[in-house]
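The structure appears right after this line, and notes come after that.
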Amino acid sequence: MANDVLFLAEFAGGRAARSALELATGSAELAAAAGGQAVGLAYGAGAAAGAAALGAQGAARVIVLGGDDRPAITYAAALAAAVREADALALLAPATPNGRDLAAALVGLLDLPAFGPVRAARVADGTVETEQATLQGSVITTARPAEGADTPSIILVLPNTFTPTEGAAGSAEVIQAADAGDSPFGHAKVVESHQADARVANLDEATVIVAGGRGVGSEAGFGILRELAGVLGGAVGASRAAADAGWIAYQLQIGQTGKVVKPQLYLGAGISGAIQHRVGMQTAEHVVAINRDPDAPIGEFADLFVVGDLFQIVPALTEEIRRRKA
Ligand SMILES: Cc1cc2nc3c(=O)[nH]c(=O)nc-3n(C[C@H](O)[C@H](O)[C@H](O)COP(=O)(O)OP(=O)(O)OC[C@H]3O[C@@H](n4cnc5c(N)ncnc54)[C@H](O)[C@@H]3O)c2cc1C
């Protein structure tokens, strides 16, 4: 019976993406429950050198598909060949642009059942059961592959669903994947690379997000949110109202037509909590909201609702955190 759990391990710039560490840990947890092993499928610059280190997060083996700086989709054929060979219960892929591309290619090439993006996954009755938000987040759906469905299930996993194991020792066995021959996507290549704005790039992976809405009032108003995010080691996000106003980049919009985030702490300032925003952040572990309207909808689902003026509360909070850290 297939009981190993595969995971996609993306490398870039010589190091493993945070998603690779999260999924290694998650796969190890699922594999332990299924009586199998966690097996990584690594690709990207630095994959060959960094693969063994995923053992610290619980990977027993890592198959290196390739270590070049190529578009992720060009690894689809090698990935499909490795997945076919592996006979695993499930494959976890990160719900990132590259993860989505590769997961979709796999489902197309191998005709496998697909789930996600999920916010939880566990082993139940010999299969992997997942949880995902549907109907704009108003319903949480639990899903499993149909009885007798092909394996592995391809499962897209939201950032921060699993917390990477830290401080453990361990070295995974590293296997070089066999040449998969021509890839249906093999002609794609990197033409030019640009350094993304770090504040934009890390929203997906941030464990702390400080988000601002219409109440922030201006582009300059986001300055105090950046300071707070800075002392908390977090990233800045926004509601659509703030992005539409041109105060902040659209890539930082959270919600139905923006990003779905899953930080440990989401702090929203000057955000009313409309359903279209909520669907993008409601899986945050802790929600803190600052709003001067005591009846703002966000107060209904925040763990801590602070009623007051964000322009007084946010700088005072930043100062207090600085003082305690000093
Ligand atoms: C199809 C569709 C898709 C959408 N997709 C998204 C999406 O992806 N993401 C998204 O966010 N929205 C989305 N929206 C828009 C959504 O419906 C809301 O309009 C939007 O989220 C409101 O943003 P906001 O909370 O910043 O603004 P508002 O609803 O105007 O709220 C501003 C809040 O700030 C408070 N405030 C004002 N001044 C202060 C102050 N000084 N101190 C403290 N609080 C203050 C006010 O009390 C108020 O609660 C979508 C809408 C549609 C129709």
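Some values worked out for this structure:
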quantity: Qualifying GluC sites (Glu not before Pro) in the range 106-195, DSSP loop, other Cβ atoms within 10 Å at most 14; calculated: Glu147, Glu166, Glu192
quantity: Cα centroid separation - the range 136-159 against the range 230-286, whole Å; calculated: 25 Å
quantity: Translational diffusion of the range 266-326, µm² s⁻¹ [Kirkwood Rh, Cα pairs; Stokes-Einstein; 4 °C; 1.567 mPa s]; calculated: 107 µm²/s
quantity: DSSP beta bridge pairing in the chain, given as percent antiparallel to the nearest 5; calculated: 20 percent
quantity: Pairs of Cα atoms farther than 23 Å apart, the range 4-187, %; calculated: 34 percent
quantity: Long-range Cα-Cα pairs in the chain (distance over 33 Å), rounded percent; calculated: 31 percent
quantity: Gaussian network model of the chain, springs between alpha carbon atoms under 10 Å - residue of Ser27, Ser218, Ser153 with greatest fluctuation; calculated: Ser218
quantity: Expected 222 nm ellipticity per residue - DSSP helices of 4 or more, -39500 (n - 2.57), all of the chain, to 500; calculated: -8000 deg cm²/dmol
quantity: Most fluctuating residue given options Tyr43, Tyr250, Tyr266, as computed from a GNM of the chain linking Cα atoms under 10 Å; calculated: Tyr250
quantity: Normalised convex hull volume, the range 174-325, alpha-carbon set, Å³ per residue; calculated: 170 Å³
quantity: Overall form of the range 37-81 per C-alpha gyration tensor (a/c, 1.5; a/b vs b/c); calculated: oblate
quantity: Principal axes of the range 239-279: Cα extent on each, largest first, Å; calculated: 27, 19, 17
quantity: Gaussian network model of the chain, springs between alpha carbon atoms under 10 Å - residue of Ala103, Ala24, Ala34 with greatest fluctuation; calculated: Ala34
quantity: Degrees separating the helix 76-86 axis from the principal Cα axis of the chain, which is the longest one; calculated: 60 degrees
quantity: Principal axis dimensions, the range 202-281 - Cα atoms, whole angstrom, descending; calculated: 26, 26, 19
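Every number in this text was worked out from the coordinates using simple rules, so none of it is lab data. It should be emphasised that the depicted structure is a prediction, and the values quoted were computed from it without experimental measurement. Please note: Cβ atoms are built from the backbone with ideal geometry, for glycine as well, and neighbour counts cover all protein chains shown.
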